[in-house]
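S.K.: Let me give you the structure first, and then I'll get to my questions.
The values are calculated or read from the model by the stated rules, or taken from the named source; none is laboratory data. Model, not experiment: these values are computed from the prediction. Glycine also receives a Cβ, built like all others from the backbone with ideal geometry; neighbour counts cover every protein chain displayed. Side chains are part of the model used for accessible areas, which takes the heavy atoms of the whole protein and leaves out ligands, DNA and RNA. Shrake-Rupley method; radii C 1.70, N 1.55, O 1.52, S 1.80 Å.
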Amino acid sequence: MEFCYEVFTFGLIGLTISDRYASVVHVQGLSMFPSFNPYGSTSMASFTDDYVLVEKWCLEKYKFSHGDIVVFCSPSDHKKKYIKRITALAGDWISTPYSYDSFKIPDGHCWVVGDNSASSVDSRSFGPIPLGLIRGKVTHTVWPPQRFGGAV
Amino acid sequence: MGTRSFLWNFAKKYFTFGLIGLTISDRYASIVPVRGLSMAPTFNSHGSTSMGSLTDNYVLVEKWCLEKYKFSPGDVVVFCSPSDHRKSIVKRITALPGDWINMPYSSDALKIPEGHCWVEGDNSASSVDSRSFGPIPLGLVRGRVTHIVWPPQAFGKVERKTPQGRLSL
């Protein structure tokens, strides 16, 4: 009885920490090559993919900086999560690819781009994203062991 | 010695109940105040001032809906403002992805893109909503309002109301 209680409490602590403070997330695909998955990524070999630590303290104040790598809900499919790098924040001007136009990032939005531009669906396709879609900031790689650490 | 273990047990129980409450509030349901008149008369039908927060409606927001993101037109939802992520807004969903909506003050119709929805306040005259900031991504939604829980005279279920004449068929 006492044991069940302890297990329950620790489970709850783990859940709360994962929801509010930090969790470990699996990175799929090559849009952030070579920062993540530099050895390639296939749907079968998910144990060689990078797993990263995502911290959620940043969500309290939503203080993001240029170059932060964030996890966010896709604006076109809320069930999918993406990991990309913030390259521009509200008020910055961004030049659209393939044209001479530039436009200003609206209030409360940011521009996200994958490190591997050739193979990344990001703000160049779906435009700036509202900061409210962000679910956390990536701080460290935790798997595989040879890539452990490396503060992002 | 007995008092210490009693206090320790009490602290442990208090901590566990606090954690259960926190988890429930994060994942399942929580109670939030509704400010302003943009949803009158559904909420705050007696008016709302920045001082009179005791008379503002407090509503129950459920988060089960976020698991599958299954919303229906007419649901009242809480979402992060697209122009200021620190603000939460309460409005009613009037159109879902794929629906066509009539643009106000023009004869254009707009198709709601995938993964987005159109939200409007019940009190159109006094509401900043999708007519200003456009359709919002469903990822911004933080929960659905099911009941008013305060003040006692306003207690009751919040009904799903399909809007008249906004959808272009």
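S.K.: When we measure straight from the Cα of residue A:81, which aspartates and glutamates land under 14 angstrom away, once same-chain ones fewer than 8 places off are left out?
M.R.: Once the sequence-local aspartates and glutamates are set aside, what remains near residue A:81 is A:122, B:67.
S.K.: Right, something else. Can you tell me which of B:23-30, A:3-10, B:128-135 comes out highest on packing, and rank the rest after it, using the mean Cβ neighbours within 10 Å?
M.R.: Working: B:23-30: 14.8, A:3-10: 10.9, B:128-135: 16.8.
By packing density, highest mean first, the sequence is B:128-135, B:23-30, A:3-10.
S.K.: Given the pairs B:68/B:91; A:137/B:68; A:79/A:137; B:13/B:63, which span a C-alpha to C-alpha distance of over 22 angstrom in this model?
M.R.: Values: B:68/B:91 20 Å; A:137/B:68 24 Å; A:79/A:137 18 Å; B:13/B:63 26 Å.
Violating the 22 Å Cα-Cα cut-off are A:137/B:68; B:13/B:63.
S.K.: In Å² (nearest 100), what accessible area is buried between A and B, both sides summed, heavy protein atoms only, 1.4 Å probe?
M.R.: On the way: alone 9420 and 10730 Å², together 18010 Å².
Approximately 2100 Å², summed over both chains.
S.K.: While we're looking at this one, here's another question. Averaged over peptide A:131-139, how many Cβ atoms belonging to another chain are found within 10 Å of each residue's Cβ?
M.R.: 4
S.K.: Turning to a different aspect of this structure: Could you run the Debye sum over the Cα atoms of the protein assembly as shown, one equal point scatterer each and no solvent, and tell me log10 of I(q)/I(0) at q = 0.07, 0.14 Å⁻¹, two decimals?
M.R.: -0.36, -1.20
S.K.: Highest mean first, what order results for B:141-151, B:9-19 on Cβ atoms within 10 Å?
M.R.: Numbers: B:141-151: 19.1, B:9-19: 11.8.
Highest-to-lowest ranking by the protection proxy: B:141-151, B:9-19.
S.K.: Averaged over its residues, how many other protein chain Cβ atoms are within 10 Å of peptide B:146-154's Cβ atoms? Provide the component values of the computation, followed by the final result.
M.R.: Working: counts 0, 0, 0, 0, 0, 0, 0, 0, 0.
Whole-number average of other-chain Cβ neighbours for B:146-154 is 0.
S.K.: In Å², and per residue, what accessible area does the protein assembly as shown have when probed at 1.4 Å with the other protein chains present?
M.R.: Values: 18010 Å² over 321 residues.
It amounts to 56 Å² per residue over the protein assembly as shown.
S.K.: Working from Cα positions, state the angle (0 to 90°, nearest 10) between the long axis of helix A:2-20 and the longest principal axis of chain A.
M.R.: Tilt relative to chain A: about 10 degrees.
S.K.: For the charge dipole of chain B, defined by +1 on Lys and Arg C-beta atoms and -1 on Asp and Glu C-beta atoms about the Cα centroid, which residue among B:24, B:65, B:90 has the Cα displaced farthest towards the positive pole?
M.R.: Of B:24, B:65, B:90, it is B:24.
S.K.: Next question. Of the listed peptides B:95-104, A:126-135, what is their order by residue-averaged count of other C-beta atoms within 10 Å, with the highest listed first?
M.R.: Values: B:95-104: 15.6, A:126-135: 22.8.
Ranked by mean Cβ neighbours within 10 Å, highest first: A:126-135, B:95-104.
S.K.: If I fit a long axis through the Cα atoms of helix B:2-27 and take the longest principal axis of the Cα atoms of chain B, what angle between them do I get, 0 to 90°, rounded to 10?
M.R.: 10
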